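Right, one structure below, let's go through it.
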Amino acid sequence: MTRDEILVAYSGYIACLNAQDWPNLQNYVSDEATYNGTLIGLDGYRAMLIGDFKAIPDLKFHMVQVMCDPPVIAARLAFDCTPVGDLFDLPVNGKRVQFSENVFYEFAGGKIRNVWSVIDKAAIAAQLCTGAENAPSQEPSA
């Protein structure tokens, strides 16, 4: 895939996630998908995302930075949301939090095959300890 093809596919993927359009996830994610080095396949990937939206009903993926060097695309995603219970083993329980994710995706056969993700859990923990008013500013972009 070319750089432009990957950028278009990635934008479609993010739109698919934000719409929770699970039947169309297969257009973007490979049956052989891995997440942080573990083979979870398309079904496992879909289940993971469904679980994320269950834990965070107002979840939206906001692309802040995107870099592409085919076959890899990297993004910094920003989140401003209100999880209903625990999030990453932290007792958020309905408190609004802001955090980011740094993620690399490798495309193969026109779809995302490998995903490496690091989520800023420390930012969430800091907001729970000090209050959201002291949280680092991460303005999500559309």
- Query: Which whole-Hz ³J(HN,Hα) couplings does region 108-114 yield from phi under the Karplus relation 6.51 cos²θ - 1.76 cosθ + 1.60, θ = phi - 60°, glycine and proline marked x?
  - Reply: 8, x, x, 9, 6, 10, 10
- Can you list the residues, at least 5 places off or on another chain, whose amide H is less than 5 Å from the amide H of Lys60, using H built in the peptide plane? Asp80
- Item | Simple Cβ-charge dipole of the chain, Lys/Arg +1 and Asp/Glu -1, about Cα centre, in debye nearest 20 | 120 debye
- Query: Heavy-atom accessible area per residue, the chain, 1.4 Å probe: how many Å²?
  - Reply: 52 Å²
- Tell me, what HN-Hα J-couplings in whole Hz come from the Karplus equation 6.51 cos²θ - 1.76 cosθ + 1.60 at θ = phi - 60° for each residue of region 4-15, using x for Gly and Pro? 5, 5, 5, 4, 5, 4, 5, 4, x, 4, 4, 4
- Query: Mind checking which of Ser11, Ser30, Ser117 has the largest fluctuation in a GNM of the chain, springs on alpha carbons under 10 Å?
  - Reply: Ser11
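The values are calculated or read from the model by the stated rules, or taken from the named source; none is laboratory data. All values derive from a computational prediction rather than experimental measurement. Every residue, glycine among them, receives a Cβ derived from its backbone with ideal geometry; neighbour counts consider all protein chains shown. Just so you know, the surface numbers come from the protein's heavy atoms only, side chains and all, with ligands and any DNA or RNA stripped out. Shrake-Rupley method; radii C 1.70, N 1.55, O 1.52, S 1.80 Å.
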